[in-house]
Amino acid sequence: MNFLDLVKKRYSVRSYEERQIENEKMEYIMECVRLAPSAVNFQPWHFYVVTDSERLDALKSTYKREWIQSAPCIIVACANHEESWHRRSDNKDHADIDLAIAIEHLCLAAAEQGLGTCWVCNFDAALCHEVMAMPENVEPIALIPIGYTPDAEVPEKKRKTIEDICTYL
Ligand SMILES: Cc1cc2nc3c(=O)[nH]c(=O)nc-3n(C[C@H](O)[C@H](O)[C@H](O)COP(=O)(O)O)c2cc1C
C-alpha cells in the first residue's frame, strides 16, 4: 500500500466491534507515535491507552455521543505545556501542533493495521482531566477511539479541490 492509498483508507470510524486489539498491533501503533517529529524534539506528550472497563466507561461519559460506547479502547492524547516549545518571538506554544502530528501518525498506523479510529475533540476536557487524574500541567487534547470496524466500504472523501487549497507560484 503506498502512502496515498493509506491516506484514502483512513476515515473517521464511528462504530466498532467488541474485539480487543492485539498487543503487537498496539505496540506497533504506539511506536509510530513515538517516532513522530516535534518542535525542538521536545516530545511534549503522553498517551493513555485505556481498555479497563471502569475507566473506559468514565472516559466515555466525557463525550456525549452514543457511538463512542462501542469503542473497545480509547487513547487519550495529552500535551504537557511545561515540556513544549514556546517560540521566543511571541511565546507561541507549539504543543497542539506536536500533538496533531503524533495523533495523525496514530490514526494512519492504525488504518494500515486494519483498525479504525476517530479524532474526538468535542469532549469535556475538564471532566476528562479529572477522570484520568492527570497532573495539573497536562492537557487532554483528543480522544482517539480505536478498534476493529464492521464497515467494509470506505466512505467518499468530501474535500475542497486542489485548486481551492493550493497555489503554485
Ligand atoms: C482536530 C479534529 C477534531 C475532531 N473532532 C471530532 C469530534 O469531536 N467528533 C467527531 O465525531 N469527529 C471529529 N473529528 C473528525 C472529523 O469530523 C473528520 O475527520 C472529517 O469530517 C473528515 O472525515 P474523515 O476523517 O472521515 O476523512 C475531528 C477531526 C479533527 C481533525
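What follows is calculated from the coordinates using simple rules that are stated; it is not laboratory data. Treat the numbers as computed from the prediction; the structure is a model and nothing was measured. Using ideal geometry, Cβ is built from the backbone for each residue, glycine included, and neighbour counts are taken over all protein chains shown.
Flag set for Ala58, criterion: part of a helix (DSSP H, G or I), small (Gly, Ala, Ser) and more than 18 Å from Leu115 (Cβ to Cβ). Filtering segment 116-128 to residues that are closer than 30 Å to Ala152 by Cα and either away from the ligand (no atom under 14 Å from the Cβ) or exposed (fewer than 15 other Cβ atoms within 10 Å of the Cβ) (or both) leaves Cys121, Asn122.
Restricting segment 129-169 to residues that are touching a residue at least 12 places away in the same chain (Cβ under 8 Å), away from the ligand (no atom under 12 Å from the Cβ) and not in a loop (DSSP other than H, G, I, E, B), the residue that is farthest from the chain's Cα centre (by Cα) is Val131. The residue list Ile21, Ile29 contains one member that is aliphatic (A, V, I, L, M) and within 15 Å of the chain's Cα centre (by Cα), which is Ile29. When the residues of segment 61-100 are filtered to those that are within 12 Å of the ligand (Cβ to nearest atom) and in a helix (DSSP H, G or I), the one that is surrounded by the fewest Cβ atoms within 10 Å (Cβ to Cβ) is Glu66.
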